[in-house]
Every structure is written in structure tokens, then in C-alpha cells.
Amino acid sequence: MHLVKIACERPDNLGRSLSHWDCAELARQLVTDEVVETISPQTVQRMLASHKLKPWRKHLWLSPKVPRDAEFCRRVKNICSLYTRKLKADEVVLCVDEKTSLQPRTRKSPTLAAQPGLPVRVEHEYERKGALNLFAAFDTRTGKVYAHTAERKRQKEFLEFLEQLDREIPPEITTVHLVMDNLRMHTGKQVQTWLEKHPRFKFHHPPVHCSWMNQVEQWFSILQRKRLVIADFKDKAHLAERLHLTHMSEAKAVLLTSPDASRYTGYTYSGTSRVKSTYSIPPKVFESFILANRNDGIAHWPTVDEVPAFMSNYLEWIIANRQDIAVVQLAEACRAGAVERYIAAGCLLISA
């Protein structure tokens, strides 16, 4: 019981300068407290497992003092509607954000390709040659990415990106929905003046603490893992060129077919296309649901019209098969709502 007691306390309260407990530190603390003469981390782990304790894990939570009022719900439902409803022929929905401080990091020796028995070898030392900021807009229905690089991140550079979007998006598209964070750079006086002169552009801002609803963040994550893990570029111009090639030629293939990405993320549904969504789905939960609902060995990804029924089935499946009390309670609360709320409620459930 002494082990359970200290595992349920913060290490700082016991005079230990640790962010969290692990089995080795708990074993060391038991010996220090003279509870036992010796104990292994493996024994500690087994004892904690019997009490369903994992003090080395952490989850973020939001204080109830943060308002979840009518305005919060309105914004969430508005973003979910943009992602899931059938768009008119003259509409597009783009998710916009910036990836900052991308450095070329020119290596002092060339990076060597993998060989039998050897991994890719990257020189440890590199030269600093400044940094770039990547402005990107992700089309939620096609997976197309519009991109612009700049050395600074101000309203001036953001307006340059908006002008690029205005040039590249066909004039027959009369409504361009832009989902973006509510930053000063996105809402400043210069931007507001520009919007008055370009009425087809409509800004939509998720509520505070809901940046995960911006789908371009998923593309940034894939870009980081697929292109930027090994940073070795000649200069900023070379880095900008590689980023341009990535978003022009590889974005759709990476977004739609990457098996490792599909393990960790959900999808937003548009016709028969499968486009990556911003919603983080617990991998085991969602994979189990998909495997349980395969059709002739092939997972059926629903169209827009099928999403409410899909979410309904998903919630029912969670309630019937999951043991996580909090998740099941949330699923039951979502199921109790109206059918038209399944999409928004389901999105929040998936992100839990």
C-alpha cells in the first residue's frame, strides 16, 4: 500500500525533483523510505499493474473554468460543418497555418545513404544559414496544398500568401472558407482591409484550445516526418525548393496512402475520396472498430451522407465493446443527442 500511496503523489511533494514517477524511481524511493531492503523495477511494475496505476503517463485536461459556452459550441459546430457538409460547386474549404523556423542546417560532410548493415549517416555538425517560415493552406476535399515561404512572419508576409491564394484559386470559386487560428497576424488592420477588397474570402476561427481542429496541422506533422527529419539543405533557397516539390508532387500521395499516418489520424469524408482529418483517434479503438466492420476484407470509408450513420455505429460500438468508463460515458452522452449532432459530438469523442 505504501507503493500505491507514493505513486499517487507528485514526486515534488516527497522532496524528489522529478516530473513524474517511473518504476525505477519508485523502487529507489521504497528503499530510501526503508519500506524494503531491495526491490526491482519489474516487481514495482507488476504491483502497479494490479492497481491499474501508470504514473509515468500523462494526459492534458482543461479546467472547467475555461468557458464552453454557446459561442464555443457555435464555433465548433461551424468548423465541423465546413469539414463534413457537401460543398457547393463554387466553394472550397482551406485550412491555413504557419510552420516556423525551418532551418537548412547544411552539414559539413555529405549525408550518406543507407547500405547493407548501415543506416543513413548524417554529419553531426552543421552550418547555420538562417531560417524560413512556411505558410500553407490545405484543401480539405482534395488534399491539395498551397504553400509560400518567407523569411519573416508578419501581416505583410501573410498578405502575400493571401494574394497567392487569390491568384491560384479559379475565379469561378466565389466562396473561399479559410480555417485558421485567431492570431493577431490573421486579424490585423491590414488583413481586414484586404478582406474588404476580396469578399469571396471568409475567415473561420476555431475556439481557444481547439487548434487541433485545423487540418493543416496533420499535413505539417507528415511533412516533418517525411521531409524534415533529416535537415541537410544547401541554403534557404534549396530548402524552399524542396518544400515546394513536397507540397506540389507528394502531398496527395502522402496524405491518402501513408499507412503509418492512417494509424494515428481520422478522416473527413467527401464523396468517395478519403482525405486526412485533424481529429486524433485512439489507434486501438478506431482500428478495432474498422476491423470489426470490414466488408469482404476491405474497410468501408463512409461518404459525407453516410457520416451521421457511421458516427452512430461508432458510438454504439464503443458503448458495447470498450471498458474505458470516461469514453463510454461520453459516447452515451453523444448518443443521447440529436442525430444532427453526431458529427460534432463524434469529432469531440474521437479527439478524447
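Miscellaneous remarks
- Hey, TYR146 touching a Lys or Arg at 6+ places or on another chain (Cβ under 6 Å) and hydroxyl-bearing (Ser, Thr, Tyr) or not: no
- Residue match in the range 231-244 (condition: touching a helix residue (DSSP H, G or I) at 6+ places or on another chain (Cβ under 9 Å), at pLDDT below 95 and under 23 Å from THR142 (Cα atoms)): yes
- Residue among TRP61, TRP21 that alone is surrounded by 11 or more Cβ atoms within 10 Å (Cβ to Cβ), aromatic (Phe, Trp, Tyr) and within 30 Å of HIS209 (Cα to Cα): TRP21
- Condition check for PRO55: under 28 Å from ARG10 (Cβ atoms) and surrounded by fewer than 17 Cβ atoms within 10 Å (Cβ to Cβ): no
- Among the residues of the range 7-34, those that are without any contact (Cβ under 8 Å) to a residue 24 or more places away in the chain, part of a helix (DSSP H, G or I) and either under 15 Å from LYS58 (Cβ atoms) or under 35 Å from the mean Cα position of the chain (by Cα) (or both) comprise PRO11, ASP12, ASN13, ALA24, GLU25.
- Any hit, the range 48-70, residues being in contact with a Pro (Cβ under 7 Å, 6 or more places away or on another chain) and not small (Gly, Ala, Ser): no
- Test set (1) touching a helix residue (DSSP H, G or I) at 6+ places or on another chain (Cβ under 9 Å); (2) outside any strand (DSSP E or B) - LYS99 fails condition number: (2)
Here's the yes/no breakdown for (1) among the polar types (S, T, N, Q); (2) exposed (fewer than 14 other Cβ atoms within 10 Å of the Cβ); (3) touching a residue at least 60 places away in the same chain (Cβ under 8 Å); (4) touching a Lys or Arg at 6+ places or on another chain (Cβ under 7 Å):
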position: ARG184; (1), (2), (3), (4): no, yes, no, no
position: LYS189; (1), (2), (3), (4): no, yes, no, no
position: GLU196; (1), (2), (3), (4): no, yes, no, no
position: PRO199; (1), (2), (3), (4): no, yes, no, no
position: LYS202; (1), (2), (3), (4): no, no, no, no
position: ASN214; (1), (2), (3), (4): yes, no, yes, no
position: ARG225; (1), (2), (3), (4): no, yes, no, no
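- Condition met for VAL176 (touching a strand residue (DSSP E or B) at 6+ places or on another chain (Cβ under 9 Å) and surrounded by 18 or more Cβ atoms within 10 Å (Cβ to Cβ)): yes
- Top-ranked residue of the range 141-173 - restricted to ones that are charged (D, E, K, R) and more than 21 Å from ALA89 (Cα to Cα), ranked as surrounded by the fewest Cβ atoms within 10 Å (Cβ to Cβ): ARG152
The values are calculated or read from the model by the stated rules, or taken from the named source; none is laboratory data. Computed from a predicted structure; not experimentally measured. No Cβ is skipped: glycine too gets one built from the backbone with ideal geometry, and neighbour counts run over all protein chains shown.
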